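Below you'll find the structure, written out as structure tokens, and then a few comments.
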Amino acid sequence: MNNKLQRTPQGLFNLMRRHPYLLTILLCGILLPFGYADRAKINTGSCIYLGIIAAVASIAAIFGFNLGKSLVEKLILCGIAPVSVTAVMLIIGFVPQKALAIALIALTIAVIAAFLMKRSGALSDTSMIMLLILLGITIRFVYVLYTGSGDRQHDVGAWGGTAGHLGYIEYWNTHNFRLPDKSFLPDFDLTSYTYWQYYHPPFHHWLMAGLLSVLSALGVPHSTAAEATQMMPMLYSSLTMIVSYRIFRPVKLKGMPLIVAMAIMCFHPTFILFGGSFNNDMLLMLMVMSSIMWGLRWYREPRVGNIVPLALCIGLGMMTKLSGWMVAPAVAMFFLIVLIKNIRKPLRYIGQYALFAVICAPLGLWWQVRNLILFKLPLTYVPMLDKSMSMYSGDMSLAQRLLSFGNGQLSYVYGSIKLIGAPFDEYNPTIGLFKTAMFDEGTNSISSLNYPQISVTGPILFWLSVILFTVSFVCFIVMMIKKSPAVNGSERAYFALIFATHLISYYMFAIAYPFSCTFNIRYCMPLIPLCAMGLALALQRLKENKKPAALWFGRIMYALTAAFCAVGYLVYTQVGITA
């Protein structure tokens, strides 16, 4: 990024910078009535509604971002904006490929906005990141528009039933959030298919059921309201981008390295996919990233005002999915380091740790403890699949499962499970990690078999990601070893321990449950932002190195990241193209 660029002006931008969480929630709320997140309901009324919102927002942006060099230019832009928005809404209203139209129009608007900002001296690192976040929200919204509750989901069941995540959400909504037990449901059994997935802690399902209840109370038909709850995971995914920024900034990332890290977070397919999933993985990711952020803040400023939100984030993460505990070892390391540093005055910190435990432990464990007492369910219960399934690979040697990369496994770059139409069942968790990070796996999964329009772009995206994240992984390891003025030794150990905990847990889970469906990025999503941070830290250090090799490495990685993000945006636009 050109250091000569002027600082972005005051006004609307500062509002967005100071209150990004509230504004993201507001934006997702504004988008909610646009067809209630259902492509079948994108009608003329939806387009008129969104057009009015877009016109008001564009006029506010013209003055808020000081676009135009004079008042006359601003007024001309204010005249052009509503006309342009009207034309855009007409296009979306009449073209059959609405998701494609929205994605392309948003990209065009972002390019025009960047040009106008540069022309008026308002383009900066932060404004570029703001545009990336808005485009990231756009591609998530586009994905939600063409993704229904039965498309590319995990363990969801169906609306109207009792099993799966949808049945679990429906249960809380139907029974007014009453805790299930045998006196209320005589056949209640957490290990049965009838109540499949109910062993999960309920925080995500409560939020989804809460939105469903509110929309139903407002008179929205149940089928439409149920589809609209998909906006909640989209909101989680959108907020994760902002939390990631709040982690990257304290480690002194700036300029192009910071933009690279944020671009990866904005356009990585994992966060697009799970931003449209009805299960609890995206909320868990948001809680884990928030825990990482508050853990770093507490270490740098160990006070009650930082430890309370840290306890809430870890507790609520575990109340979303028990694996939210995986930030805890790194946080415990920080607790120990701070206590040792202040060993002569320990009471202040021991008091904070007690407060942390009082908040975090009940939130994180009450559901598991209740299930243990009432239903004799183990605290770490995970349902075992049938070993007779073709997905099972436990009869293969451990060396073959972990170290074999041949036998045509990479001839098919999508999530490979015969049950969903793939040519073979995945058995290598490392290959499964790379494949599912780009395309996931599940019913109607993303592949060239189901979506022939990505037969060219899909493999390109996969191989770009393999190169980018292999390099990023190496960069992360190197930057956690090397001394840095931005991140001290304890902080590097903190990030490294979080990374190692998630990676080791992933492989242990894959070994303990050797089924193709367990080899999925959703079990270790925090590796993505940590790798992005490692790459950015390496690029930032190399900026100070004037050697040709360092300069060329930086240029190649900038180009590779740009290509990865562009192709990812394209692929997840193409998937929405209907015949």
Worksheet item: Which of (1) assigned to a helix (DSSP H, G or I); (2) assigned by TED's automatic domain parsing to the domain that holds residue 450; (3) not acidic (Asp, Glu) is the odd one out, the single condition residue 410 does not satisfy?
Response: (1)
Item to complete: For residue 193, state whether it is more than 23 Å from residue 270 (Cβ to Cβ), crowded, with 17+ Cβ neighbours inside 10 Å and not assigned by TED's automatic domain parsing to the domain that holds residue 271.
Response: no
Discussion item. Could you check segment 158-178 and list, in sequence order, the residues that are modelled with pLDDT of 95 or more and not in a helix (DSSP H, G or I)?
Written reply: none
Practice prompt. From 335, 274, grab the single residue that is outside any loop (DSSP other than H, G, I, E, B) and more than 25 Å from the chain's Cα centre (by Cα).
Written response: 335
Practice prompt. Please specify each residue of segment 417-443 satisfying the condition of being of a type in the set (A, V, I, L, M, F, W, C) and either in contact with a Lys or Arg (Cβ under 6 Å, 6 or more places away or on another chain) or in a loop (DSSP other than H, G, I, E, B) (or both).
Written response: 417, 422, 424
Discussion item. I need every pair where a residue in segment 345-361 that is of a type in the set (Lys, Arg) has its Cβ under 9 Å from the Cβ of a residue that is in a loop (DSSP other than H, G, I, E, B), sequence separation at least 6 or different chains.
Written reply: 348/302; 348/342
Worksheet item: Taking the stated definitions as given, is residue 247 assigned to a helix (DSSP H, G or I), modelled with pLDDT of 95 or more and over 29 Å from residue 131 (Cα atoms)?
Response: no
Discussion item. Being at pLDDT below 95 and under 30 Å from residue 390 (Cα atoms) is true for just one of 553, 515. Which residue is that?
Written reply: 515
Worksheet item: Inside segment 128-157, can you point out the residues that are in contact with a Gly (Cβ under 6 Å, 6 or more places away or on another chain), of a type outside the set (Val, Ile, Thr) and assigned to a helix (DSSP H, G or I)?
Response: 140, 143
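The values are calculated or read from the model by the stated rules, or taken from the named source; none is laboratory data. Note that the structure is predicted; figures quoted are calculated from it, not measured. Reconstructed Cβ throughout: ideal geometry from the backbone, glycine too, with neighbour counts over all protein chains shown.
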